[in-house]
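The numbers here are math on the coordinates, done by the rules we state, and not lab data. Keep in mind it's a predicted model, so treat the numbers as computed, not measured. Every residue, glycine among them, receives a Cβ derived from its backbone with ideal geometry; neighbour counts consider all protein chains shown.
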Amino acid sequence: MHLTTKMVVINKLIENTLYNIACLSHNMNLNVLYIVSITIDEKHECEILEIKEPSKIVYIEIGIKLFLEKILDNSDHDFWKYNKNTLYILRDGSYSYLQDLFAVIDGKEVNIVRGSSQKSHMVSPIDFRLSSYMMILCNMDYKKFCQQNAFNCINKFRFLPGLK
């Protein structure tokens, strides 16, 4: 089974209120958004904040151990049902840590694939969804959104062989 994922690395903390996120989501006709903030600290418990209107926003801050037990390894929780409307935030993690974290979902082995389409001239729904979520978190401020994307700061030699 493959889990197509899009990832963004953020330069620094983005601050916004849940109510504002709910209003912006409503303006974009997103009825529900789950934000799962995963902390590497195994002792961290779980906090849930919810806004029901104008759009439903559920913010879950959860430790890595509980995330595995309650979400990824719990057959009573239908991961795939909620995944489409969920933004996962891994705090202080890396891409390889993310791959290890999502290696098994509900007892099934999963491979994280990069999700690039053969239709590279078109925006895939998953790319568009991630960009929309990030714009909402950045309060619809395009400049802030662009500044937060660490892609502009990373070494691109791996991806663009002609550069040195």
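With a simple spin-label model that places each label point 7 Å from the Cα along the Cα-to-Cβ direction, the separation between Val32 and Arg91 comes to 2.5 nm. Close amide H pairs (under 5 Å, H built 1.01 Å from N) link Val110 with Val104, Ile105, residues at least 5 positions away or on another chain. In the structure shown, do any of Lys56/Lys84; Lys52/Lys84; Lys81/Lys108; Lys81/Lys144 have a Cα-Cα gap over 21 Å, and if so which? Check vs 21 Å cut-off fails for Lys81/Lys144.
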